[in-house]
Amino acid sequence: MTELTSAASTAPIYVYEKPVRLWHSLNALLIVVLSVTGYLIADPLASLKGEASEHFLMGYIRFVHFSAGYLLSIALLFRLYWAYAGNEHARQIFLPPLLKTHYWQGVFHEVLWYLFLVKEPRKYIGHNPLAILAMHFVFVWGVLFMIVTGFALYGEGAGQGRWQHTFFSSWVLPLFGSSQSLHSWHHLFMWLIICFVLVHIYVALREDRLSRQSMLSTIVTGWRTFKDDRPVDDESGA
Amino acid sequence: MTETFYDVMRRQGITRRSFLKFCSLTAASLGLAPSFAPKIAHAMETKPRIPVLWLHGLECTCCSESFIRSGHPLAKDVILSMLSLDYDDTIMAAAGHNAEAIVTEIVEKYKGNYILAVEGNPPLAEDGMYCIIGGKPFVEQLKYAAESCKAIISWGSCASWGCVQAAKPNPTRATPVHKVPGLANKPIIKVPGCPPIAEVMTAVVAYLLTFDKLPTLDRQGRPQMFYSQRIHDKCYRRPHFDAGQFVEHWDDEAARQGHCLYKMGCKGPTTYNACSTVRWNEGVSFPIQSGHGCIGCSEDGFWDKGSFYERLTDINQFGIEANADAVGGTAAALVGAGIAAHAGLTALNRAKQPGAEKQ
Ligand code: HEM
Ligand code: HEM
Ligand code: SF4
Ligand code: SF4
């Protein structure tokens, strides 16, 4: 196996630019808010007593969900723009190098590392190959699915003639067959994203301790530091 | 020789006064301006009558039952007299071979110029042997009649979506009209519901006959004017939904107060129909007004999604039948357990490794 080499040193490298880091925290916050409010939409809190005119609880919960949904979508659009405008690491989760053997060897090595079958993980400046795989196929596509189905649900309430209905509901509803199925799939994919988040956080904490580069500090400050001075294994070097 | 609608009505003993009233009623029920009433009248006085052939496949006759109870007796009489109900096996006078001959007669005489209304659907398994009409599989009668019709009306959820006779595992392969293989390519108007609302049915027929064109249909082939909004969008209990006031048990205070039935599995939020505006039985009530949630009877697949009394319905895609929380919650729990196990193993592994003292 050829090790792509670059300046072999422990010198820190600036990896995640500010927009990427800001997007990461905003996105994480929105996903938590969307999951909590979404769950409460499907399974509302205990009923309130008194007159209907005194309360608007369900209305507020739905409002927060929809606002967070809009923000999530706008943030993703912005993040897509930054994939174009930002540095090479900003593109990683959107354009996995699926045709390169070196990439798949990296994925394989990472799997072995998680199965405790190799003593040491490889060293990366950007995301590791397995992380790219999960971020691309589970996170990026999962969130896109939530946005498309979410706006299709929104368009149902907004009504015909509104853009949410024209651009989403009008074709998504026939695709799922019925509004009820659409609700079920929007709900199910929330769990997929929750599974991603659970694994993601566990792995981030674990890699922070056991991998050969920094993790948590990197997503906070943008700087990647290294624990040894051997060459890195990234696709394109530095 | 060519009879107009007006001629037929007069022959049926309908007065001119009633006829004009009917025209304004129709305009109103179709949501048209009053100025349309004379246009409708003119059309009916001059246009030759279009016969409607009403076939029955696998069904329970609830569509016919609903139709003949149309809220406005006037509309009902007029429309019934407009339909060529010479052939409608539930209410026709003829029987046996004479009756079957009528189908051929209409098809031959009005080639390309009659409306085919279908109640129920054909079962396709065993060459259609599960539904025999006049000694032949219904699917053959359907295809024959569809061949030379002008347009097809799929009455009810059976003809539109399949309904209970198509429920899993669907041993007879009951198939909604638009999915029947080899059926002539004709415009299909779906009027789903189990049954559809009488006023909606009469209005659809009136529209077809007076304007001689299809009403605007949505992507799923339903008339926009009656199926563009959900029950939930116009439900009179909606303020309780927004407030967060739900019935939790059938006998609780909220049920007596008439709060929202969402937690009792009401499918109003996902059902496109006109019940909450047009209502039933001459506008007397509709299921939610009587204290029971909507079961979503006009939606595709409503019969195969598990309980009518659960908000979350089943997803059948994985060979298991469970709702999103059951599937997703289990997956998340497994992932959580996996993480815990992996973390444990990692710690063990570290402890075993000599010289692993960093951090
Ligand atoms: C809803 C919660 C979260 C989601 C959806 C999420 C998603 C993501 C995504 C998509 C990336 C890739 C960033 C990019 O390249 O643009 C990323 C990176 C990262 N996230 Fe999260 N994240 C979440 C929460 C967290 C939390 C709570 C932590 C801290 C424990 C965390 C730590 C990290 C780290 C360290 C990276 C960089 C990984 C690397 O350098 O390879 N994330 N996250
Ligand atoms: C990761 C992102 C998201 C998660 C986890 C999420 C979660 C959920 C959940 C669990 C439900 C309840 C579904 C059910 O009826 O069983 C729901 C409903 C809904 N969501 Fe989302 N959602 C997300 C994104 C969005 C987005 C981007 C939009 C677009 C504005 C959106 C709009 C809606 C709408 C309109 C409903 C239906 C509300 C109702 O029936 O009253 N969601 N969401
Ligand atoms: S009773 Fe049903 S349709 Fe009416 S507001 Fe509640 S959930 Fe919606
Ligand atoms: S309220 Fe719902 S279940 Fe009842 S008739 Fe209307 S659409 Fe069907």
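Assorted remarks:
- Cβ separations smaller than 8 Å between residues 6+ apart or across chains give the following pairs from the stretch B:267-291 residues that are in the same structural domain as B:Val247 (by TED's automatic domain parsing) to residues that are polar (S, T, N, Q) and near ligand 4 (Cβ under 10 Å from one of its atoms): B:Gly268/B:Ser276; B:Thr271/B:Ser298; B:Tyr272/B:Ser298; B:Asn273/B:Ser298; B:Arg279/B:Gln289; B:Phe286/B:Ser276; B:Ile288/B:Ser276.
- Contact map, the stretch B:198-226: residues that are assigned by TED's automatic domain parsing to the domain that holds B:Ser157 paired with residues that are among the aromatic types (Phe, Trp, Tyr), Cβ distance under 6 Å, separation 6+ or inter-chain. Pairs shown: B:Ala198/B:Phe67; B:Val200/B:Phe226; B:Met201/B:Phe67; B:Pro215/B:Tyr207.
- Annotation note: of A:Val32, A:Val36, the sole residue that is assigned to a helix (DSSP H, G or I) and more than 16 Å from the chain's Cα centre (by Cα) is A:Val36.
- Condition check for B:Ile231: under 17 Å from B:Ile197 (Cα atoms), more than 7 Å from chain A (Cβ to nearest Cβ), in contact with a Cys (Cβ under 6 Å, 6 or more places away or on another chain) and crowded, with 16+ Cβ neighbours inside 10 Å: yes
- Search result, residues across the stretch A:142-167 that are within 22 Å of B:Thr271 (Cβ to Cβ) and either among the aromatic types (Phe, Trp, Tyr) or touching a Cys at 6+ places or on another chain (Cβ under 9 Å) (or both): A:Phe151, A:Tyr154
- The number of residues in the stretch B:278-298 that are away from chain A (no Cβ under 14 Å) and among the hydroxyl-bearing types (Ser, Thr, Tyr) comes to 2.
- All helices (runs of 4 or more DSSP H) inside the stretch B:150-251 with 3 or more residues being among the small types (Gly, Ala, Ser): B:156-161, B:198-211
- Test for A:Ser25: is it of a type outside the set (Lys, Arg), surrounded by fewer than 17 Cβ atoms within 10 Å (Cβ to Cβ), closer than 17 Å to A:Met135 by Cβ and modelled with pLDDT of 95 or more: yes
- The stretch B:108-133 - residue that is β-branched (Val, Ile, Thr) and closer than 21 Å to B:Phe67 by Cβ and, of those, modelled with the highest pLDDT: B:Val118
- Qualifying residues in the stretch B:299-343 (those that are assigned to a helix (DSSP H, G or I) and closer than 22 Å to B:Ala166 by Cβ) - the one nearest to the other protein chains (Cβ to nearest Cβ): B:Phe302
- Looking across the stretch B:203-228, the residues that are among the polar types (S, T, N, Q), within 14 Å of chain A (Cβ to nearest Cβ) and either touching a Lys or Arg at 6+ places or on another chain (Cβ under 9 Å) or surrounded by 18 or more Cβ atoms within 10 Å (Cβ to Cβ) (or both) come down to B:Gln220, B:Ser228.
- Taken together, the criteria exclude A:Val232 from residues that are out of contact with any Cys (no Cβ under 7 Å at 6 or more places or on another chain), within 12 Å of another protein chain (Cβ to nearest Cβ) and β-branched (Val, Ile, Thr).
- Qualifying residue in the stretch B:248-256 (condition: within 13 Å of ligand 3 (Cβ to nearest atom) and within 28 Å of A:Gly159 (Cα to Cα)): no
- Test result for A:Ile219, over 30 Å from B:Cys266 (Cα atoms) and facing another protein chain (nearest Cβ under 10 Å): no
- Test: A:Ser67 is away from ligand 3 (no atom under 16 Å from the Cβ), polar (S, T, N, Q), within 28 Å of B:Leu312 (Cα to Cα) and assigned to a helix (DSSP H, G or I): yes
- Residue within the stretch A:105-121 that is away from ligand 4 (no atom under 16 Å from the Cβ), touching an Asp or Glu at 6+ places or on another chain (Cβ under 7 Å) and not in a loop (DSSP other than H, G, I, E, B) present: yes
- Within the stretch A:88-104, considering residues that are without any contact (Cβ under 8 Å) to a residue 24 or more places away in the chain and part of a helix (DSSP H, G or I), the one nearest to ligand 2 (Cβ to nearest atom): A:Arg91
- For the stretch A:31-40, the candidate set comprises residues that are among the β-branched types (Val, Ile, Thr) and in contact with a helix residue (DSSP H, G or I) (Cβ under 6 Å, 6 or more places away or on another chain); within that set, the residue that is farthest from B:Pro269 (Cα to Cα) is A:Val33.
The values are calculated or read from the model by the stated rules, or taken from the named source; none is laboratory data. Since this is a predicted model, take the numbers as computed values, not measurements. Methodologically, a virtual Cβ is constructed for each residue, glycine included, from the backbone with ideal geometry; neighbour enumeration extends over all protein chains shown.
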